[in-house]
Amino acid sequence: MRTKLIAGNWKMHGSLAGNPALLQSVASGAATLPTVSFAVLVPFPYLAQVQARLSGSACAWGAQDVSDEVRGAFTGEVSAAMLLDFGCRYAVVGHSERRARHGEDDARVAAKALAAVEAGLTPIVCVGETLAEREGGQTLAVVFRQLDAVLERLGVRRMAGTVLAYEPVWAIGTGRSATPDQAQEVHAALRQRVSNADWVVGGGLQILYGGSVKPANALELMRLPDIDGALVGGASLAADDFLGIGRAAALA
Ligand code: PEP
């Protein structure tokens, strides 16, 4: 059975003064839900603080991006080894906000995923279609294209060291989640795609759903057979909401 992972993407939120209260609440709540895995994905400057506050807790942590380069003249970039220095387990790659704002294409996302895996980090690889692509009947073609780039670059065996996140772009930060049927259809198709290459890797792959997940809709999503947790944006900034999603995952 695949363990459910509830990962909070803080995006560009948080403050040195305000983070400890949220981290403390999340760590104590996570300790009461031992069947669920938790992680927070925080802005780079807070990694040292998060490492100090969460070490030894039931909540892992990570970053929201990672360079595809190992070291060198890459101003502004942060390598996988640097993230490991701060105890990170995860790095998000290919979030739609980075694809859209920073021009990250499928090849770059795949290179980042590879750099993360090679260093010993677990990339959380985001895929998802825009509203226009969904309305144009392109959903599966788009997410398969995004997945295939990573699958080809890593090879199926290394996919076992990744987490996949299906995040329909139209559901991120909009309050409009995918319906359970829409989410399950895409998750099952993604799993089948990986299983076609290696059924053990496909069967074991954690596939998270992301896009306006909150306590009120978490249970119906977490109950679906191919949903193995959630990548949570807005609701990860309030401990009660984040832990409420965790409780739903524990019940599912
Ligand atoms: C996200 O940013 O990955 C996300 C899913 O955001 P939200 O939960 O706010 O839709």
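Every number here is computed from the coordinates shown, using simple stated rules; none is lab data. Keep in mind that this is a model prediction, so the values were computed, not measured. Reconstructed Cβ throughout: ideal geometry from the backbone, glycine too, with neighbour counts over all protein chains shown.
Quick notes
- Assigned charges on the beta-carbon of Lys, Arg, Asp, Glu; the chain dipole about Cα centre (debye): 420 debye
- A simple spin-label model places the labels of Asp105 and Asp181 3.7 nm from each other, with each point 7 Å out along Cα-to-Cβ.
- Per-residue ellipticity at 222 nm, computed for the chain from helices alone with -39500 (n - 2.57) per DSSP H run of at least four residues, works out to -13500 deg cm²/dmol.
- Under 14 Å, Cβ to Cβ, from Val70 - net charge with Lys/Arg +1 and Asp/Glu -1: -3
- Counted charge near Val36, where neighbours are those whose Cβ lies closer than 11 Å (Asp, Glu -1; Lys, Arg +1): +1
- Cβ crowding within 10 Å averaged over residues, with 95-103, 63-71 ranked highest first: 63-71, 95-103
- Stokes-Einstein D (µm²/s) once Rh is taken as the Kirkwood radius of segment 129-252 over alpha-carbon pairs, at 4 °C in 1.567 mPa s: 88 µm²/s
- Label-zone membership for segment 61-75, site Glu118, 7 angstrom Cα→C-beta point, backbone N under 17 Å: 66-74
- For the chain, the relative contact order is 21 percent, taking Cα pairs closer than 8 Å that sit 6 or more residues apart in sequence and dividing their mean separation by the residue count.
- Distance between the C-alpha centres of segment 87-118 and segment 140-190: 14 Å, rounded to the whole angstrom.
- Interatomic Cα distance distribution for segment 4-251, bins of 5 angstrom, percent: 1, 7, 15, 19, 21, 18, 12, 6, 1, 0
- Theoretical gain in end-to-end length, Phe144 to Met1 [0.36 nm per residue, Cα-Cα removed]: 49.0 nm
- Placing unit charges on the Cβ atoms only, positive for Lys and Arg and negative for Asp and Glu, gives segment 1-90 a dipole magnitude near 380 debye about its Cα centre.
- Neighbourhood charge, 14 Å Cβ-Cβ cut-off, centred on Trp10 and excluding it, Lys, Arg +1 and Asp, Glu -1: -1
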